[in-house]
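Read the structure below first, then the notes.
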Amino acid sequence: LAFSPVDKDAIRVYHSKLMESRAAALKAPLKTGTQFSLDLDIPCQNPDPLSRRIPFLPSPTAPSGRPTVCLELSQGLQTELNGFSQVWTAHSRVTPNSTFVLKIIQPSMCYLPHPDDRWLGNYTDPWNLANEEAWAYQNLAQEQGLCIPYFFGIHEITTPSKESAWVLVLEFIPGITGEDV
């Protein structure tokens with residue numbers, strides 16, 4: 001955590017820093033066409049005959065042995081302030097038929113810590129949030145391709161506003177939304 005969650009002065013300083021970052025993020029937001037080059041982790045194909053196939057990816061090109069893929073944001077699914085993440089669909093420029101979901105945890109766009117006594121200690125650090133969700137996907141590998149999307153890793157990115165953020169890359173599964181029901 002970047003500050004003590006029970007120190008009001010530290011919370012005020014961190015809150016102020018995040019508000020400055022938020023102002024910059026609103027001036028230079030994530031938007032359709034924003035691109036990120038990522039060395040994707042490749043999940044194992046689920047052997048269950050009912051599982052979905054892993055989306056096509058180019059051959060590994062990074063020194064890590066993972067494919068470097070340029071993903072371009074296509075459609076914002078959840079982009080409001082004060083959530084846990086922004087959610088976008090994205091396409092690979094090399095393999096345009098491959099669609100992914102990017103869950104972007106950008107600290108200034110998430111819920112902010114508040115120095116009010118009622119909120120002391122009640123803050124989810126964005127780094128922890130991103131890494132705990134990645135841990136959950138990694139530990140549910142046997143369900144990927146069946147009940148949950150394939151997971152292509154967690155990656156650190158720099159947003160258009162020059163803020164560090166984390167992105168979880170997931171398989172896109174077409175379906176209906178809650179609004180469609």
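The values are calculated or read from the model by the stated rules, or taken from the named source; none is laboratory data. Everything numeric in this text was worked out from a predicted model, so none of it was measured. Glycine gets a Cβ as well: all are built from the backbone with ideal geometry, and neighbour counts include every protein chain shown.
Residue by residue through region 97-108, note down the ones that are within 22 Å of Lys27 (Cβ to Cβ) and out of contact with any strand residue (DSSP E or B) (no Cβ under 6 Å at 6 or more places or on another chain).
If the condition is that a residue be within 22 Å of Lys27 (Cβ to Cβ) and out of contact with any strand residue (DSSP E or B) (no Cβ under 6 Å at 6 or more places or on another chain), then Pro107, Ser108 are the ones that fit.
How many residues does region 140-181 hold that are free of Cβ contacts under 8 Å to residues at least 60 places away in the same chain, buried (at least 18 other Cβ atoms within 10 Å of the Cβ) and out of contact with any helix residue (DSSP H, G or I) (no Cβ under 6 Å at 6 or more places or on another chain)?
Matching residues across region 140-181 total 1.
Taking the conditions exactly as written (of a type in the set (D, E, K, R) and either under 24 Å from Asn131 (Cα atoms) or buried (at least 18 other Cβ atoms within 10 Å of the Cβ) (or both)), does Glu72 satisfy them or not?
In short, yes.
Anything in region 10-29 that is touching a residue at least 40 places away in the same chain (Cβ under 8 Å) and either surrounded by 13 or more Cβ atoms within 10 Å (Cβ to Cβ) or farther than 18 Å from Gly83 by Cα (or both)? List them, or say none.
Selection gives Ile11, Arg12, Tyr14, His15, Leu18, Ser21, Arg22, Ala24, Ala25, Lys27, Ala28, Pro29.
Which residue, of Ser16, Ser59, Ser51, is more than 18 Å from the chain's Cα centre (by Cα) and at pLDDT below 90?
The conditions single out Ser59.
Given (1) surrounded by fewer than 19 Cβ atoms within 10 Å (Cβ to Cβ); (2) assigned to a helix (DSSP H, G or I); (3) not charged (D, E, K, R), identify the lone condition not met by Tyr137.
Tyr137 satisfies every listed condition except (1).
Is it the case that region 80-94 has a residue that's surrounded by 16 or more Cβ atoms within 10 Å (Cβ to Cβ), touching an Asp or Glu at 6+ places or on another chain (Cβ under 6 Å), of a type outside the set (Gly, Ala, Ser) and farther than 19 Å from Pro115 by Cα?
yes
Could we say that Ala90 is under 27 Å from Glu179 (Cβ atoms) and among the small types (Gly, Ala, Ser) here?
For Ala90, the condition - under 27 Å from Glu179 (Cβ atoms) and among the small types (Gly, Ala, Ser) - is met.
Any chance you could count how many residues in region 48-69 are under 22 Å from Ala165 (Cα atoms) and crowded, with 17+ Cβ neighbours inside 10 Å?
Going through region 48-69 one residue at a time, the tally reaches 3.
Considering only region 82-134, how many residues are part of a helix (DSSP H, G or I) and in contact with a helix residue (DSSP H, G or I) (Cβ under 7 Å, 6 or more places away or on another chain)?
Total satisfying the criteria: 4.
Give the residue that is surrounded by the most Cβ atoms within 10 Å (Cβ to Cβ), with candidates limited to residues of region 30-47 that are modelled with pLDDT of 95 or more and assigned to a loop (DSSP other than H, G, I, E, B).
Going through the qualifying residues, I end up with Leu30.
How about region 72-89: which of its residues are of a type outside the set (D, E, K, R) and within 21 Å of Ser37 (Cα to Cα)?
Leu73, Ser74, Gln75, Gly76, Leu77, Thr79, Ser85, Gln86, Val87, Trp88, Thr89
Go through (1) modelled with pLDDT of 95 or more; (2) more than 21 Å from Lys31 (Cα to Cα); (3) in a loop (DSSP other than H, G, I, E, B); (4) not acidic (Asp, Glu) and name the single condition Gly153 misses.
It fails just one condition, (3).
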